[in-house]
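Below you'll find the structure, written out as structure tokens, and then a few comments.
Readers should treat all values here as calculations from the given coordinates under stated rules, not as data from a laboratory. Here the structure is a predicted model, which is why all the values come from computation and not from measurement. Note that we place each Cβ from the backbone using ideal geometry, even for glycine, and neighbour counts take in every protein chain shown.
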Amino acid sequence: VLRWFDEHCAGSKRLAERAATVIPGGVQHNLAFNHPFPLAIAQARGAHLTDVDGNRYIDFLQAGGPTLLGSNPPAVREAVQALLEDCGPVTGLLHAYEVQLAERVCRHMPGVEMLRMLGSGTEAVMGAVRLARTFTRRQRVIKIGGAYHGWSDQLVYGMRLPKTGRMEATGIPRGATAHTQECLPNDPEALRRLLRWNRLRGGTAAVLLEPFGPESGTRPVHREFNAQVRALCDEFGALLIFDEVVTGFRAGLGGAQAYFGVTPDLTVLGKCLTGGYPMAGAIGGKREIMMSLVGGIGTTSRRAFVGGTLSANPLSCVAGYHALLEAERTNAPGVAARAGERLRRGLEEIIGRRGLPYVAYNIGSIVHLQTSGVLLLDTSSLWKLFRLKDEARRRKHMMEEMGAAFTAHGLISVAGSRLYTSLADTDEVIDDALNRFDDV
Ligand code: PMP
């Protein structure tokens, strides 16, 4: 596999080596998906990417999720070009597209009555947590172990190392996570105990969920888990925040909240919100809560401050609005989900026929491929998780190697373990991909 990269990706390699001299590690985004070195892309169209060396790939990275319509859809590109002709990317004042996008999102998402756009998913999660604390006048926030909510100090991935309790990520001041608590997925009783414990100590501001399970369903949750958490939040007066950065528009235009029929108090959006264009982040939620965000007419006296020079710029909004129109017109979430089903079924067939130690499953257009063994579905004790940590590391390495092998066969994945499908994935594209997977 490594020889394939040397023989076919000389242009990418040269650029990656140049990058490494001016960019730490030579990578600025998608930090985990660059084994043995990042590919330099020259062209992106629909379901395919072409690199600077002329190699063509079927793209299941989909930029990490946002390009639900496939790469570079013309309907969105043309609307963006027209906007750029008219007023350029940013003015700092109101633009009609801001309102049109917010109206459209509110129409689709049951839990979103108002929307405030920010610069990224990370920023939007930070804002939602701040808003929840302002509204409830409480400090503590509970997240689910293994969930990714961006890279802010208080919610950083991984948090504490088992045994020593030291922070896994460095540069985070002691105390930054003092009001963040973790709970395992699929264990409503443990969550109840934590909420009860907190009740005697100032209460819980919010419970933060990735509704398909931590890390976009890498640890899937039971179908009823979201409703169980909703009921517990109601019982203990905590706000329920859905982090729909990945599921927002992939699980359907109403997000995972419509999919599960569970309405959160606050919703965090990112990725698909701006149709793959920059500055994808927003907090949505119930009017009464959203009015505690600072700025504008009629906000309450208790205000949560958020900001952002480029937030809700016309470029992001025109792209988001037209991407949403196009997703409505084409039923993009449904089409992408059907492609995900076909891909998963095909992978299962290959795994079964060849007797491979892997498991494939999908939640709509998010397809997971993992080494089989203990799927972290029912992790009801912390001890079990600690024991599995080394195993998890070993598997991650294995999947990375697998990802490189996929690439050498013309398939781009999320580190060999996740595949996002899009509107552009026709049956022919999926069948072509399955032949390649079979070869790998
Ligand atoms: N929440 C979830 C569930 C995510 O998957 C991500 C990004 N992968 C984020 C938040 C952070 O979003 P961003 O990368 O835009 O800061």
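Details
- Residue 86 versus residue 169: modelled label distance in nm, points set 7 Å from Cα along the beta carbon direction: 3.8
- Cβ-based charge dipole, the chain, positive-most Cα from 128, 99, 1: 128
- Difference of contour (0.36 nm per residue) and Cα-Cα distance, residue 431 to residue 22: 143.2 nm
- 335, 129 arranged by Cβ crowding within 10 Å, fewest neighbours leading: 335, 129
- Antiparallel content of DSSP bridges confined to the range 74-330, in %, to 5: 40
- Nonlocal amide H pairs with residue 358, under 5 Å, H built at 1.01 Å: 372
- Cβ-defined net charge surrounding residue 351, 12 Å radius [Lys, Arg +1; Asp, Glu -1]: +1
- Calculated over the range 1-75: convex hull of Cα atoms, volume per residue (Å³): 99
- Note on the chain: with a GNM built from Cα contacts shorter than 10 Å, the maximum mean-square fluctuation among 412, 58, 23 falls on 23.
- Kyte-Doolittle mean at least -1.0, axial Cα span of 27 Å or more - DSSP H helices of the chain: 332-354, 382-408
- Mean-position separation - Cα centroids, the range 222-257 and the range 30-105, in angstrom: 27
- FRET E, pair residue 41, residue 302, Förster distance 56 Å, beta-carbon r, rounded to 0.05: 0.75
- Label zone of residue 77 (point 7 Å out along Cα→Cβ, amide N under 15 Å): in the range 321-364 this covers 323.
- Pairs of Cα atoms farther than 40 Å apart, the chain, %: 17
- Computed E for residue 310/residue 99 - FRET, C-beta separation, R0 25 angstrom, nearest 0.05: 0.90
- Between the exposed loop cleavage positions of the chain, defined as GluC sites (Glu not before Pro) in a non-H, G, I, E, B DSSP state with at most 16 neighbouring beta-carbon atoms within 10 angstrom, the longest gap is 225-440.
- Across the options 228, 361, 257, the greatest Cα extent toward the positive end of the charge dipole of the chain (unit charges at beta carbon of Lys, Arg, Asp, Glu) belongs to 228.
- Within the chain, percent of DSSP bridges classed antiparallel, to nearest 5: 60
- Using a simple spin-label model with pseudo-atoms 7 Å out from Cα toward Cβ, residue 438 and residue 393 lie 3.9 nm apart.
- Residue exposure sequence - 306, 27, 141 - by fewest surrounding Cβ within 10 Å: 27, 306, 141
- Take the Cα of residue 341, step 7 Å toward its Cβ, do the same at residue 8, and the gap between the two points is 3.2 nm.
- Kirkwood hydrodynamic radius (C-alpha pairs) into Stokes-Einstein, the range 74-330, 37 °C and 0.692 mPa s, D in µm²/s: 176
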